[in-house]
1. I'd like the residue in region 1-19 that is part of a helix (DSSP H, G or I) and aliphatic (A, V, I, L, M) and, out of all such residues, is surrounded by the fewest Cβ atoms within 10 Å (Cβ to Cβ).
2. What pairs come out if I take residues in region 5-33 that are touching a residue at least 60 places away in the same chain (Cβ under 8 Å) and pair them with residues that are loosely packed, with under 12 Cβ neighbours inside 10 Å whose C-beta lies under 9 Å away, six or more apart or interchain?
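Just so it is clear, none of the values below were taken in a lab; they were calculated from the coordinates. Small disclaimer: the values here were computed from a predicted structure and weren't measured. Every residue, glycine as well, gets a Cβ built from its backbone with ideal geometry; the counts of neighbours run over all protein chains shown.
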Amino acid sequence: MTLECLMAFTVTDDHRRQRKVYQSLQGWQKDDPSVIRAALTEKMLEAGSKLARTVTAMLGPIKEVERIPDSKPQYTQ
């Protein structure tokens, strides 16, 4: 596994999710960081979604923390 692939798994701290995604990937997909990031972030909330706007209205603004090339941005309050 390349360093880029390992870094792709860091988009989430959820070890169970990381393991599940790794086990679900085909052999060639395990060598593609963009596929790994996409699989790990597919269920993450989009910033412009109705739910995200509702949560923002209730809890305050959300700041972008990190943007990884070829992936969705990660957000935190």
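1. Taking the candidates together, the pick is 3.
2. Within 9 Å, the pairs are 11/66.
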